[in-house]
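The values are calculated or read from the model by the stated rules, or taken from the named source; none is laboratory data. Since this is a predicted model, take the numbers as computed values, not measurements. When we count neighbours, we look across all protein chains shown, and the Cβ atoms used for this are built from the backbone with ideal geometry, even at glycine. These area figures cover heavy atoms from the full protein model, side chains too; ligands, DNA and RNA do not enter into them. Shrake-Rupley method; radii C 1.70, N 1.55, O 1.52, S 1.80 Å.
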Amino acid sequence: MSMALKQVFNKERTFRPKRKFEPGTQRFELHKKAQASLNAGLDLKQAVALPHGEDLNDWVAVHVVDFFNRINLIYGTISDSCTDQTCPVMSGGPKYEYRWQDEHKYKKPTAVPAPKYMSLLMDWIEVQINNEHIFPTNIGTPFPKTFMQVAKKILSRLFRVFVHVYIHHFDRVNQMGAEAHVNTCYKHFYYFVTEFNLTDHKELEPLKEMTSQMCH
């Protein structure tokens, strides 16, 4: 990554603290494996494939946390131009509006400005990935039966961040010289969720045209 990009993606701009993998755990080893294949310049389509002999739940868990960290950074870089005034609704162009719903305060889908949606989303994901009952970190602790369901929900909602950034803030990404970085992250994400069927096709619709050009 170039110096300029390093400054763009510096720690202070992260929307949330990074979730790290504890050294010595299986997740940490898998995380290193995933990073190594990316760093080796492997085709992203190949890089997302489940390594031989590895557990799919573990592989998905590692990527969910990694994408959370990366997409956090991407949103952090444009968050100064995403305000209640510029983005009074969380949308992806005129056809797509995303409403927030959770198990606590927002029992019904509720329209909120984009920055509020992002904040609620990142808080919500953080609670999930730090919950030992959903994302167990100890080797031998089984994943709950609902794990894939939760992972799908997290990834579908993270996809909406890409939708909002690409459709409403791409000029800002360009301005910062971060286009290649964001595109690579998007391709990696897209190949991963489609490889393991982790996101509904209707969720992917808003970026369909761009995706068909970018992800052959």
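Points to keep in mind about this one:
- Scanning region 32-49 for residues that are at pLDDT 90 or above and either of a type in the set (Val, Ile, Thr) or within 23 Å of residue 174 (Cα to Cα) (or both) yields a single hit, 48.
- Residue in region 51-67 that is among the hydrophobic types (A, V, I, L, M, F, W, C), farther than 19 Å from residue 193 by Cβ and under 14 Å from the mean Cα position of the chain (by Cα) present: no
- Where residue 127 falls short, out of the listed (1) farther than 30 Å from residue 209 by Cβ; (2) open to solvent by less than 10 Å² (accessible area, probe 1.4 Å): (2)
- Any hit, region 98-116, residues being loosely packed, with under 14 Cβ neighbours inside 10 Å and under 21 Å from residue 173 (Cβ atoms): no
- Only one entry in 132, 203, 195 is farther than 21 Å from residue 48 by Cβ and either modelled with pLDDT of 95 or more or of a type in the set (D, E, K, R) (or both), namely 132.
- Per the conditions (1) surrounded by fewer than 16 Cβ atoms within 10 Å (Cβ to Cβ); (2) over 17 Å from the mean Cα position of the chain (by Cα), the sole criterion not satisfied by residue 136 is (1).
- Answer residue from region 71-92, given it is out of contact with any Lys or Arg (no Cβ under 9 Å at 6 or more places or on another chain) and buried (at least 22 other Cβ atoms within 10 Å of the Cβ) and is farthest from residue 109 (Cα to Cα) among those: 74
- Residues of region 87-104 satisfying the condition of being more than 20 Å from residue 126 (Cα to Cα) and either of a type in the set (Lys, Arg) or free of Cβ contacts under 8 Å to residues at least 24 places away in the same chain (or both): 94, 95, 97
- Filter result for residue 52 (at pLDDT below 95 and part of a loop (DSSP other than H, G, I, E, B)): yes
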